[in-house]
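Novice: Take this structure, written in structure tokens, and hold onto it; I'll ask about it next.
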Amino acid sequence: MYITTSFSNDLAFLQWLLLTWKTFTVSPSLSTVHNLENTMLNQHLVPSLLNQSSLRGGNSLGLDSSKPLIISMLSLTWSDAKDDEAVMATAQAFLDSVEKEAKKRGVHDPFLYLNYAHSSQDVINRYGEVIKKRMKSVSAKFDPWGVFQRAVPGGFKL
Amino acid sequence: MQCCKLSEVLPENVFYQDQSQYTSSLSSYYSGQEGDLLPTCIVQPTSARSVSAAVKILSAAHRSNPGSCLFAVRGGGHTSYAGAANIEAGVTIDLRSMKDVTLNTKGNRMTTSIGAGALWGDVYEKLYKMGLGVVGGRANTVGVAGLTTGGGISYFSGRYGFVCDNVENYEVVLSDGRIVNANSVENIDLRNALRGGSNNFGIVTRFDVATFEQGDIWGGDIIYDFSTLPSQLQAFYDFGINPNYDESSALYQVFAARDGLYFILDNLVYTKATLYPEAFNTFYQIQPQIISDLKTAPLQNIITNVTDPENINRSVSEPCSPKITIKKENNAH
């Protein structure tokens, strides 16, 4: 599974994050999971990337070139289906604690990178209200019967 | 079996559970959970017209009897959670037969038309021979469609923005079957919505992407002892705030744990064939290093041998032992 969050570039927060991740890797609820691999991948969306993005006509990601951020992807693999629930719950709890602390420190960013998101994550809403409204009106215009909302249940819906 | 009447309209392209095309389609998904879902039939269109024919039927079914013919759309099939691009007891539209990669030149402007079923490896293999590149994904086995409609991060993003920003035209099949183009002069609202809007507006059948001259790149992975953590975080932080950021440089940092063993992996890539560019000076110096695999090579070879983000996301729930290694190109299983 993978799950994602974002935050602004802050060294103290990164230090807290890694300490907390280490603790997460040895959570009691994960101790009996076979062949568990636990990784966290961090990468910057640097100002240059965001500036170039905004020069190319617009997208629906809702990002602000004045607010560079770090995208963090937590990825877990394991071998037994019976452990699915425990892994998911523990990972979710870890992610929730990361977002809570990030908010406390003023470094939280609501952006969720769709390609790293878990199916339970609220990707479209977290692009922002303006973007979501715009997407809904595009949907109403090009897909008035809502086929891609209701007949295609997979993916992140509007 | 009629499978929502699709077999009547597309007799050559609709496959059922007892057929090899069906089985091989399911086994080609990246994740076990996705491949486990059993659609009633799998449609493999070979053109936008046949996608349109299929969508018209499925739309009509949705309108007259909502819920009767639910469907899924599959490009590369790399998304890890079940249901993203497959569907139990519904119709899966498998776009893998539509994977042409064609260069277009108009004066001195170049674009590459990419069929929605193509993988990035298909694109790079073709373009590299011509000394060209595109703002594309960082894994050969990831599909163009999903990555691009979800935004998309490329080694070239520091220089050119997201993958989706560099799509000049989307050819899209809408729910009424119309095939339209979305670009800066036609349906610009649809174009912008597709840039991050995933599968919410229609089925993209072709991406026309900006293309530029591009040769070999440089980089790869360094794996470090976990004790290097403090310097790693400092170096990572510095890379992000650097006011003199080098737009040819791309970095991601991975922290990994397995069986009580921990390590840190830095993926360093420079989009020019420059040996040991200054942009990564701090990273070369951090010790101890366990493995260092940095080289000049075509992009598609650099990503084959590195642990790329999209390959870290292997979500398997089957009784085999996932390995933690410098990941080779992932084979779907």
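Novice: To the nearest 20 Debye, how big is the dipole of segment B:84-189 about its Cα centre, given +1 on the beta carbon of each Lys and Arg and -1 on that of each Asp and Glu?
Specialist: Computed about the Cα centre, the dipole is about 480 debye.
Novice: Turning to a different aspect of this structure: Relative contact order of segment B:211-267: what whole-number percent is it, with Cα pairs under 8 angstrom and at least 6 residues apart? Don't skip to the end; give the middle numbers.
Specialist: Numbers: 46 pairs, mean separation 26.0, N = 57.
Relative contact order of segment B:211-267: 46 percent.
Novice: Using a Gaussian network model of chain B with C-alpha springs under 10 Å, which one of B:Cys41, B:Cys164, B:Cys69 is most mobile by mean-square fluctuation?
Specialist: Fluctuation is largest for B:Cys69.
Novice: Per residue Cα convex hull volume for chain A, in cubic angstrom?
Specialist: Spread over its residues, the Cα hull of chain A gives 123 Å³ apiece.
Novice: Can you give the direction-averaged projected area of the convex hull of the alpha-carbon atoms in segment B:55-171, in nm²? Mind dumping the intermediate values first?
Specialist: Working: hull surface 34.5 nm².
For the Cα atoms of segment B:55-171, the hull's average projected area reads 8.6 nm².
Novice: What is the ratio of the Cα radius of gyration of segment A:1-56 to 2.2 N^0.38 Å, where N is its residue count, to two decimals?
Specialist: Working: Rg = 15.8 Å, N = 56, 2.2 N^0.38 = 10.2 Å.
Working it through for segment A:1-56, the quotient is 1.56.
Novice: Expressed in nm to one decimal, what extension gain is obtained for the pair A:His34 and A:Glu85 from 0.36 nm per residue of sequence separation less their Cα-Cα distance?
Specialist: 17.0 nm
Novice: Right, another one. Short version: what are the Cα gyration tensor semi-axes of segment B:1-92, square root of 5 times each eigenvalue, largest first, in whole Å?
Specialist: For segment B:1-92, the ellipsoid semi-axes come out as 20, 15, 12 Å.
Novice: Checking the a/c ratio against 1.5 first, then a/b against b/c, what shape does the Cα gyration tensor give for segment A:78-146?
Specialist: Oblate, since a/c reaches 1.5 and b/c is not below a/b.
Novice: Using Cα pairs under 8 angstrom and six or more residues apart, how large is the relative contact order of chain B, in percent?
Specialist: 17 percent
Novice: How much net charge surrounds A:Pro68 when only the other residues with a Cβ under 13 Å from the Cβ of A:Pro68 are counted, with Lys and Arg +1 and Asp and Glu -1? Write out the running numbers ahead of the final one.
Specialist: Numbers: positive: A:Lys67; negative: A:Asp10, A:Asp64, A:Asp109.
Value of the local net charge: -2.
Novice: Taking neighbour Cβ counts within 10 Å as the exposure measure, how do A:His44, A:His34, B:His78 sort from fewest upward?
Specialist: Ordered from fewest to most neighbouring Cβ atoms within 10 Å, A:His44, A:His34, B:His78 come out as A:His34, A:His44, B:His78.
Novice: Taking Rh as the Kirkwood radius computed over C-alpha pairs, what is the Stokes-Einstein D of the protein assembly as shown at 37 °C in a medium of viscosity 0.692 mPa s, expressed in µm² per second?
Specialist: Translational D for this selection: 144 µm²/s.
Novice: When Lys and Arg each count +1 and Asp and Glu each count -1, what net charge do the other residues less than 10 Å away from A:Gly128, Cβ to Cβ, add up to?
Specialist: On the way: positive: A:Arg126, A:Lys132, A:Lys133, A:Arg134; negative: A:Asp64, A:Glu129.
Taking every other residue near A:Gly128 into account, the sum is +2.
Novice: Please give the average number of partner chain Cβ atoms lying within 10 Å of the Cβ of each residue in B:156-164, rounded to a whole number. List each step's numbers first, then the result.
Specialist: On the way: counts 2, 8, 7, 3, 6, 12, 10, 1, 5.
Mean inter-chain Cβ contacts per residue within 10 Å come to 6.
Novice: Hey, can you grab everything whose amide H is under 5 Å from the amide H of B:Met110? Only 5+ residues off in sequence or another chain; H modelled, so Pro and N-termini drop out.
Specialist: B:Thr211
Novice: Mind grabbing the base-10 log of I(q)/I(0) for chain B at q = 0.10, 0.13, 0.14 Å⁻¹? Debye formula, identical points on the C-alpha positions, no solvent, two decimal places.
Specialist: -0.64, -1.00, -1.12
Novice: Can you sort A:Trp145, B:Trp218, B:Trp120 from fewest to most other Cβ atoms within 10 Å of each residue's own Cβ? Kindly include the intermediate steps, with their values, before the conclusion.
Specialist: Values: A:Trp145 15, B:Trp218 21, B:Trp120 28.
The most exposed by this proxy come first: A:Trp145, B:Trp218, B:Trp120.
Novice: Alpha carbon centre of segment B:1-38 versus segment B:193-270: separation in Å?
Specialist: The two parts, judged by their Cα centres, are 35 Å apart.
Novice: Hey, another quick one. Projecting each Cα onto the charge dipole of the protein assembly as shown (Lys/Arg +1, Asp/Glu -1 at the beta carbon, about the Cα centre), which of A:Val147, B:Ile241, A:Trp78 comes out farthest on the positive side?
Specialist: The Cα lying farthest towards the positive end belongs to A:Val147.
Novice: Further, regarding this structure: Nearest 10 degrees is fine. How inclined is helix B:48-64 to the longest principal axis of chain B, computing both from alpha carbons?
Specialist: For helix B:48-64, the angle is close to 60 degrees.
Novice: Using only DSSP helix segments of four residues or longer, with each worth -39500 (n - 2.57), what per-residue ellipticity at 222 nm results for the protein assembly as shown after dividing by its residue count and rounding to 500?
Specialist: Rounded to the nearest 500, the figure is -8500 deg cm²/dmol.
Novice: Rounded to the nearest Å, what's the spacing between the alpha carbon centres of segment A:84-115 and segment B:45-110? Just the number, please.
Specialist: Centre-to-centre (Cα) distance: 32 Å.
Novice: Mean Kyte-Doolittle hydropathy of 0.5 or higher plus an axial Cα length of 15 Å or more: which whole DSSP H helices in chain A meet both? Numbers along the way, then the final one.
Specialist: Details: long enough: A:11-25 (21 Å, 1.01); A:84-104 (30 Å, -0.40); A:129-142 (20 Å, -0.41).
Span-like helices, by this rule, are A:11-25.
Novice: Give A:Lys22/A:Lys136; B:Lys99/B:Lys272; A:Lys22/B:Lys99; A:Lys132/B:Lys126; B:Lys5/B:Lys126; A:Lys141/B:Lys5 a once-over and call out the pairs whose C-alpha atoms are over 31 Å from each other.
Specialist: A:Lys22/A:Lys136; A:Lys22/B:Lys99; A:Lys132/B:Lys126; B:Lys5/B:Lys126
Novice: Rounded to whole Å, give me the distance from the Cα center of segment A:1-25 to that of segment A:128-158.
Specialist: The distance from the Cα centre of segment A:1-25 to that of segment A:128-158 comes to 32 Å.
Novice: Can you sort B:Ser113, B:Ser184 from fewest to most other Cβ atoms within 10 Å of each residue's own Cβ?
Specialist: B:Ser184, B:Ser113
Novice: Determine the sum of side-chain charges near B:Arg109: Lys and Arg each +1, Asp and Glu each -1, restricted to other residues whose C-beta is under 14 angstrom from that of B:Arg109.
Specialist: Within the 14 Å Cβ shell, the charges total -2.
Novice: Starting with the highest mean, order B:48-57, A:21-30, B:22-31 by the number of other Cβ atoms within 10 Å, averaged over the residues of each peptide.
Specialist: The packing order, highest mean first, is B:48-57, B:22-31, A:21-30.
Novice: Additional query: Of A:Gly128, A:Gly58, A:Gly106, which is the most mobile in a GNM of chain A whose springs link Cα atoms less than 10 angstrom apart?
Specialist: Largest GNM mean-square fluctuation: A:Gly58.
Novice: Using alpha carbons only, how many degrees (0 to 90, rounded to 10) separate the axis of helix B:229-241 from the longest principal axis of chain B?
Specialist: Roughly 70 degrees between the two axes.
A short reminder: the numbers here are calculations on the coordinates, not readings from a lab. Values in this document were obtained by computation on a predicted structure and should not be read as measured data. Because the Cβ atoms are built from the backbone with ideal geometry, glycine has one as well, and the counts that use them run over all protein chains shown.
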